[in-house]
Structures are given as C-alpha cells and as structure tokens.
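Structure first, then comments.
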Amino acid sequence: MALEVGMNIEQLLGESNIDSWDNALRNTLDVYGLLNYLDEDVQPPTPKDPDAPTAAEKKAAEGWRVERARVLLAITNSMKSRNVQILLQNSGWNPADRDPKRLYDLIKRVVPKVSQESIGMVIKEYTSLNRASFDSMASFLNRHFFLRKRWNDLKLTVSPQVEIWFLLNGLESSYPLHHRLWVNDLTNGHLTMSDLLDKLNTIATTEATTPALSVQVKAGTKEKEDTKSSNNKKDKKKGRREMIDCTHPGCKRQIPTGFVHAACGHHRNPDNDVCWWCEPDKAPATWQNKEKAIKALQKTSTGTTALVVHNSSNLNNPATTGSNLLFANSIPEFSMLGAILNPAGFH
C-alpha cells in the first residue's frame, strides 16, 4: 500500500506540540508498516553475489530505498516551520542526509531540550517588556505579538486580566497619562486586551505619520517622581513636557503643559506654590533667573520701571489651571522633539 505522504500528520511547531506530532507520525507509519524505520537502523538487503544480484534482490533493494525515502518525506513535510528547521540545522542536521531515523532521533533529542531551556527567557521577557526599550510603538507591538505567540505555543496560561497588566506595566514610563486612564478602565472592568491593542495601534499609526510626536526614550530609563526633588531636576523634567499655547487673553507664548499664567506675565510651574518672578526670595538659589527677578522687583518698588501685567484684574484665570490646560489639549501625551530645557519666561 503506497504511503500518502503527510496524511494525518500535523505540522511540528516545537516543544508545544511535539507529543501530538510524534503520535500522528508513528500512527500513520504504523498503518503502512513503516514504523520500523523510526525504531531501528534498517539496513538494505544484501545480495548473495554483490556482483550479480538477482532480479528479486534488486527489487528488494529498490523497495528498501523507496520505503526509506517515504518515511523521510513524511517527516520533512511535517516540519515546515522555519523555526524548527533553523533549530535542527543549528543542532547539526544536514538536509541532504537520507536517513529518516537519524533525523527523527535528532528531533526527539533537540526540540524539547532547547524549548525547555528557553521557556524561562520567554516568561521573563514577556512579563517585563518595556516600551522604553524600543524606538517606536510599532516595534514594541511587533515584539509583544511575537512573545505572546511563543507564550501560547508553550501553553503558558494566566488570566486575561494578568496579561493586560503585563502590557500596561511596560507602558507606564512612556505614556503615564494614558497609563492612568487605562488602569482606571481595567479596574472598572471596561478594558479588554483587544481594546488596549486597538488603542496602541492608533498610537503607533500617529507616531508613524507624525514623527515629531514620537516618544523619545532610552532603554531602561524611567523618570522618578519625587516631590522633594531639587529645582535642577525640575528644569530637566520641563524638557519632557508637551508645549501648548497659553490660553490667557493677550498672551501668545507657548508654555509646558500644566503651567499657570501668573499676574506678572510669566508662567508658574505647578510644582511651585508661588510665582518666583513675583516672590524671588522664595525661589531656590539654583534658579538661574533669581538675580534677574530680584532686580526687576527692586526697580518696580522704586518706581523706575513697571512689570508688564497681562489683564491683572483676572488673576489665576480658572481656564488656565494645570488640569484644564492638560486636558484641553487634544494632542496625545508625547514628548516634543527639540523641546527647550528652560524656555524664556518659564520656571
């Protein structure tokens, strides 16, 4: 009975399905009486006279060659996975080798071993994948999808909510505002993995079409939140804020998100309790404009000059509070490329 090569034999994907693949292969070959080519080193029939084999001996030798080739073809046709082929080649497989038992033994020896050694690496990377390690959201998502597939192939199971947390944790440092909103949705049961991936694909598309809005981060970096940090650290943080137009009437300056239009016409950092331009004595010594602000205040007190005030009768306009400025802006929270570390008029 001729062997219909590949019939009922599933594709070998790796350690995840090697047992079911092995059962399908062995059962199929057993039906056709060819299982011995996997379990034994079947040798070709030897003619009594090698120089003058009989017709029956020639037929037996040809039958051995054909059966051996069919078993080999059944195996190779069921291992079309590129990952499996590369794994076997790296382990010494020669595709020109015509011995099916040698290939079968190599598969049984190498595939489970390598996958078991790599399972810890897959778990570690998948559960700690960080957007900050990639130059774009698209490349981050590509790696996520690859690791998620490997995770499923290895039959590693966790609840859908835990998988979402894996992904969210890797987004926190690069998209803090989005992260807070998504965590809130997840907590309230309004966020699925499909929903989150749709949102991330939208961000990836935005980054691709508007490069200036791309997050620029370095692998392993994360801005620390510390309310007692020095002014020097605050100055560095300002370079990462999104720049928007001040909404105060008559003011046409661009300011970092969250800054407040002060009575003196400058803009106050929301991390500070007072405007340093108005009360320079309360500014730290590290503020580079402190001396300039003191001189300006002295001139004002002697009447030699006057500070420019924009609409002083409307101090601290509620429309310019940090939260309103933050959410009035429709651009997603990305760091602007080329942001000035200490723009004029900001502190």
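The values are calculated or read from the model by the stated rules, or taken from the named source; none is laboratory data. Treat the numbers as computed from the prediction; the structure is a model and nothing was measured. FYI the Cβ positions are ideal-geometry reconstructions off the backbone, even for glycines, and counts take in every protein chain you see.
Only one of the numbered conditions (1) modelled with pLDDT under 95; (2) in a helix (DSSP H, G or I); (3) buried (at least 16 other Cβ atoms within 10 Å of the Cβ) is not met by residue 103, and that is (1).
On inspection, residue 143 fails the criterion of being within 30 Å of residue 73 (Cα to Cα) and either among the polar types (S, T, N, Q) or without any contact (Cβ under 8 Å) to a residue 60 or more places away in the chain (or both).
Does residue 254 fit the bill of being at pLDDT 50 or above, within 30 Å of residue 200 (Cβ to Cβ) and not β-branched (Val, Ile, Thr)? In short, yes. Residues in segment 169-190 that are touching a residue at least 60 places away in the same chain (Cβ under 8 Å) and in a loop (DSSP other than H, G, I, E, B): 175 alone.
Here residue 179 passes the criteria (1) more than 21 Å from residue 124 (Cα to Cα); (2) over 18 Å from the mean Cα position of the chain (by Cα) except the one numbered (2).
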